[in-house]
1. Pick from segment A:533-560 the residues that are basic (Lys, Arg) and touching a residue at least 12 places away in the same chain (Cβ under 8 Å): which of them is nearest to B:Thr528 (Cα to Cα)?
2. Mind listing whichever residues of segment B:299-358 are part of a loop (DSSP other than H, G, I, E, B) and closer than 15 Å to B:Leu374 by Cα?
3. When the residues of segment B:487-519 are filtered to those that are part of a loop (DSSP other than H, G, I, E, B) and touching a helix residue (DSSP H, G or I) at 6+ places or on another chain (Cβ under 6 Å), which remaining residue is farthest from the other protein chains (Cβ to nearest Cβ)?
4. List pairs: first in segment A:77-102 and more than 7 Å from chain B (Cβ to nearest Cβ), second buried (at least 19 other Cβ atoms within 10 Å of the Cβ) and outside any helix (DSSP H, G or I), Cβ under 9 Å, 6+ apart or cross-chain?
5. Might you let me know whether segment A:406-427 holds any residue that is under 28 Å from the mean Cα position of the chain (by Cα) and either within 14 Å of another protein chain (Cβ to nearest Cβ) or within 24 Å of A:Lys377 (Cβ to Cβ) (or both)?
6. Need a quick list: strands (runs of 3 or more DSSP E) entirely within segment A:363-438 having at least 3 residues that are among the charged types (D, E, K, R).
7. For segment B:32-72, what are the residues that are at the interface with chain A (Cβ under 7 Å from one of its Cβ atoms) and outside any helix (DSSP H, G or I)?
Amino acid sequence: MTAAVNETETKTEKHDKHASWRGRAESAEADRTSAEVDDAASIKELRLQSRRLLGWMMRPHKKGIAFLCAILVVQNFTSMATPLLVMFGIDNAIPAIADRGDYSLLVGIAAVFALVSVLKYVCVRLYIAQSAKVGNAMLFALRNRVFRKFQDLSVSFHERFTSGRVTARQSSDMESIREMTENGVDDLVLAGLNVVTITIVMLVIDPLLAAVSLLTFPLMLLLGRWFSRVSAVAYRKARETVALLIVYFVESMGGVRAVQAYRREPRDRELFADLNTDNQYAQAKGHQQNAFMSGGMRGIGHLATVVVLLFGGWQVMRGNTELGVLAAFLLYMKRFFDPLNELVQFYNVLQSATSALEKLSGVLDERIEVAEPEEPKSIASPRGELRFDDVHFRYREDQVVLPGLDLRVPGGQTLALVGATGAGKTTIAKLVSRFYDPVSGVVSLDGVDLRDLSEAELRRHIVMITQENFLFNGTIAENIELGLPGAPRERIVEAAKVVGAHEFIEALPDGYDTHVRKRGGRLSAGQRQLVVFARAFLADPRVLILDEATSSLDIPSERLVQRALRTILADRTAIIIAHRLSTVEIADRVLVLEHGRIVEDGRPDELIDRGGEYAALHRQWEDSLV
Amino acid sequence: MKKYLYPYRYRLAVLWSMVLLNIVSGLAIPPLVGRAIDGPIHDGDMAGLVAIVGVIAVLGAADALLQLARRYFQTTTAMAIEKDIRGALYEHLQVLHTGFHDRWQTGQLLARVTSDLGMIRRFFAGGLVFAITSIGMILIIMGQLLFIEWRLALIVAASAVPLFLIGRKFFREYLPAARSEQDQSGEVSSAAEEAALGIRAIKALGRGPLMAARFEKEAAELRSRSIFKSLIASRSWSGYDAIATSAVGAVLVFGSTMVAGGTLSVGDLTAFIMLQLALLWPIEATGWVMAHGNEAMTAADRVYEVFDTEPAIKDRPNARAVERSEVRGELVFEGVRFAFEDDSREILRGVDLRVEPGETVAIAGKTGSGKTTLVSLPSRLHDPTGGRILLDGTDIRDLRLENLRSVVTTAFEEATLFSMSVRENLALGRPDADERDLEEAVRVAQAEFVYDLPYGLDTRIGEQGLSLSGGQRQRLALARAVVVRPAVLVLDDPLSALDVHTEELVERALAQVLRGTTALVVVHRPSTVALADKVALLHEGRIAAFGAHSELMASSPEYVDVLSAEPEEVAA
């Protein structure tokens, strides 16, 4: 078992030539969804999945697609009609005029020509419009489905997958599929129709000659199979190289301040150039294979001409075939191969899109670690009582974070967690807000296992303010409003006032309507923290979790926030994680944690009197104030 | 664009010669087939047939090989050019100032670096070659048509008029439509990126459905813009095929009357129409090529929009180099003013501050007083809108930017970590740092926890520091700044996320480092002030008080308000 694990590990390490700077991921599967393992069986499974996904995309548009095919059939028919009309005109209409001065046939042909032209116009126009509608509707559905899936996937998935890769899946992979829907599907169908029609025509005219010329068919099939096999590998690789490129791009642009402040540019350029070159070669690989296929198809076309010419010529000389038949045959052969040559290019697009579809179906197939319950329970009027019953938790196999935690937090209590880094404070917060599920044991709210609550229900009752103070693109008001979508302006302002953010917001150029710029770049860390605070206050949950939510505040702001917290937390359950004991002091109860175990538990003043760990911390903190 | 094609000029020349040869080899075969039928096969000359077929086989092989080689080099070259432009764009983005990056969503930049460049590449590798081949074919065929019968050729030429008019209209309408579609596609990427980056915030509030609804709105807008664009195409070039077909009909009608009138032979009319039929496909494809060309043009516009943005912060013409070893580290602010470009109100209104070499000055002030802005100035992440900053008596704008930033290092409160190894993250500002430097920095920042990670310094930490706590991330960021060993160290509240105990340890270690370093430290708490020799209070855009902590506590009520914890208030 261990040997097998090691083997896959070294294998993935070998794959990652950038390991020198990227480092080693804690999990060997960091870069991919679990469906994307490299063995033959999973690749086959993935292909199947991606086909199913394609089916899912097409199913709602069955009628539209049928309509499109019908248009193409008519279009194919009009294309075939033109040369026939010309032949008919030259053979019949001219003699009619010359012999009898009878123009009626010519007029008739002119009328049919006009009709064909109109039909062509209508077909092309309808096709472009209709295919744009169907194609875009399919893309739209896929985009939304993928987005929702990413939203549903657990935080731990996102932590290892990284936002850059999530973005890559939703931009470049999607782009690849868009390219396929936008270009050449009509060529594919028309070429298919064409091949079928011409094969039939050739078989009717001269079965023997047709059989000889069709001898090249197996060659084409072989070539096509070779290409789809090798290019699938190439394009799969290319999707990964471009994802790495995007991850790097997104991160280094997102953190451009750090890049510039640390003069990281040269090193960044070097690493990006590496990824860029990798991607160049990986992308080129499939196209180069396509060049081979393209040359090969041409060659096969010429080979067919040579064979038909020799065999047919011999037949003509022996009197088995008419000269005219041979001539017609050769013309048809040309019309047989020309569209196929065009199609080779589209095959390329198709292969690339298939790989992209595989990647997306890998995502859609990923198991959600923190899953929605099958039969969600609901809590009518929550009291806000939290319980941990023998909860075990670990992020990694060899590192137990919580070795069996039992804890009961009555409704309305404000609990502060204190302890060194790694003591498990944030883990407890994450378990309560169900970013993770416990390995064993139960975390419950008012007696209901959190796993039995629907996401929406859970978030209505329990809200966590995370350490990162994330602001979204938009105005300050919009960012606060996220706490309670649809909240009127007065309530937004009120929330800001309560946490003491109102003053600085009013001072901004457009007040509450000031755009925060990317990631809130316009505001200082402390200001962002206040906005996030206002957001959580507006959400008005039963249980509020504050994970280092005051660390960036200056003392006056912190004072304001503390005053606000006393009011806000008076009637709700709260878990506070803070290294600033000033924030901890407002708690009803303090837990001191050590390696995931509770070592002290009691009211803050009790603990200070008791003279343990907390008392020591408190002394140190008081000393730091002067 | 020329700049990027230039290095490939020989390759491109070879490529275009191959394209031409390929056209010739492709066109040479059909007449030979005709010759074989009319000659040896008609005459029953087996040996002659074998000879001609032999020639065809050789030509066919050459044609296939040319096709292969041409495609191969075409794609290889196009990819290489795409890579070059992408690299150049990346470099340009790196030097663009923070203001630019604050305004531009990463998704929009990403769309330019990936899909827009892809569009340009595809046009150059596919559409353009195709367009030129088509135009060549059209010209050759038109010449032949003129030669056969000029009056009929005029009919064909006349059909070019509506084609041209439609084409012109198409260009006018399609360009803005394609542009707006591409812009929206960038918005969709941005929405996707933001939702991924903010996943914790979204989950913590349970706003997944709301985000999905917002994303859906953007995606729906993209859908409708794409369809709108395609409808323009459907209205215009769908006529191309029909016009070309009508021209065939017209030629047939006029030609037939001419034949009946005896001014044209049936053979010539047949030959004429046969040739004209060969025109159908290139004309039909013109619309498609035009659409691709248009998209490539707007994509190039979008890319150039970025290239054309001049970095607001760059070297002055006579900027001079400065060595780390010659810097004493005297940092002086003289009447420094600052306002964001879209806000007429100044955040800094004449800051005067002198930091002696080796001195550590703390900056205190209320939230929003401009502390963070002030400390972003010495390394020129922003330039002051008035006044100047001197390093050892030289305006920092007269120093080379890369030198300046190696002398002045800024660590922000929010630790930006990248999905790379711990080592790479630590050595961000000094890629050549050795193990000892890293060890020392890790010790100073009390970040020894990194050695307990599964692979030590080689462990990859996530973009936001996979399962690292805020305090751990901040210690890494501090260690990163220490590794650089700059002459001037600027720290924006570097210890805010640390607990009291760790903070004390860090402070003790940091004090040694700061002994020989000029430092500017933003502080929020009295404990951090202990690091500093002096404190400057930033109030209403100016330095309102300057001196030792104890002095200010005694003399400045504003300072007391900002920095004193007033435990009695906490208890209240």
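1. Residues of segment A:533-560 that are basic (Lys, Arg), as a first pass: A:535, A:542, A:559.
Among the residues that remain, those that are also touching a residue at least 12 places away in the same chain (Cβ under 8 Å) are: A:535, A:542.
Details: A:Arg535: 29, A:Arg542: 36 Å.
In this case the residue turns out to be A:Arg535.
2. Step one: filter segment B:299-358 for residues part of a loop (DSSP other than H, G, I, E, B), giving B:308-319, B:321-323, B:327-330, B:339-347, B:356-358.
Correct list: B:Ala339, B:Phe340, B:Glu346, B:Ile347.
3. In the first step, residues of segment B:487-519 are kept if they are part of a loop (DSSP other than H, G, I, E, B); the result is B:487, B:493-499, B:515-517.
Remaining after also requiring touching a helix residue (DSSP H, G or I) at 6+ places or on another chain (Cβ under 6 Å): B:487, B:494-495, B:497-498.
Details: B:Ala487: 14, B:Pro494: 12, B:Leu495: 10, B:Ala497: 5, B:Leu498: 7 Å.
Looking at the filtered set, the residue picked out is B:Ala487.
4. That search, which allows pairs on different chains as well, returns nothing.
5. Let us first name the residues in segment A:406-427 that are under 28 Å from the mean Cα position of the chain (by Cα), namely A:427.
In the following step, the residues that additionally are either within 14 Å of another protein chain (Cβ to nearest Cβ) or within 24 Å of A:Lys377 (Cβ to Cβ) (or both) were identified as A:427.
Yes.
6. On the way: elements: A:386-396, A:399-409, A:414-419.
Fully inside segment A:363-438 and qualifying: A:386-396.
7. The answer is B:Gly44, and nothing else.
Each row is one residue, and each column tells you yes or no for (1) assigned by TED's automatic domain parsing to the domain that holds B:Ala427; (2) touching an Asp or Glu at 6+ places or on another chain (Cβ under 9 Å); (3) not small (Gly, Ala, Ser).
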position	(1), (2), (3)
B:Pro494	yes, yes, yes
B:Asp499	yes, no, yes
B:Arg508	yes, no, yes
B:Ala545	yes, yes, no
B:Ala548	yes, yes, no
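The values are calculated or read from the model by the stated rules, or taken from the named source; none is laboratory data. What you see is a predicted model; the values in this text were computed from it and never measured. Every residue, glycine as well, gets a Cβ built from its backbone with ideal geometry; the counts of neighbours run over all protein chains shown.
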